[in-house]
1. Mind checking which residues of the stretch 15-44 are part of a helix (DSSP H, G or I), hydrophobic (A, V, I, L, M, F, W, C) and more than 14 Å from the chain's Cα centre (by Cα)?
2. How many residues are in contact (Cβ under 8 Å) with a residue 12 or more places away in the chain and among the basic types (Lys, Arg) when one looks only at the stretch 32-50?
3. Could you pull out the residue among 33, 29 that is surrounded by 10 or more Cβ atoms within 10 Å (Cβ to Cβ) and modelled with pLDDT under 95?
Amino acid sequence: MFTPCESVAQSLQGIKVTALGSVEAAKLLCQRLNSLRQDDTFADLVDKTK
């Protein structure tokens, strides 16, 4: 769950980051986090930890 957040945080700290790229990265991160909130996706994650 934290890997996508860390990846975006690192990329936003880059020297060649653009505003457009930052917005796109944030949108993709929001989509990914929202998908993790789905019941079936969450259940799959829990099953993998057993």
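The values are calculated or read from the model by the stated rules, or taken from the named source; none is laboratory data. Note that this is a predicted model, so its numbers are computed, not measured. Cβ: placed from backbone, ideal geometry, glycine included. Neighbour counts: every protein chain shown.
1. 19, 20, 42, 43
2. 1
3. Details: 29 fails: modelled with pLDDT under 95.
The unique qualifying residue is 33.
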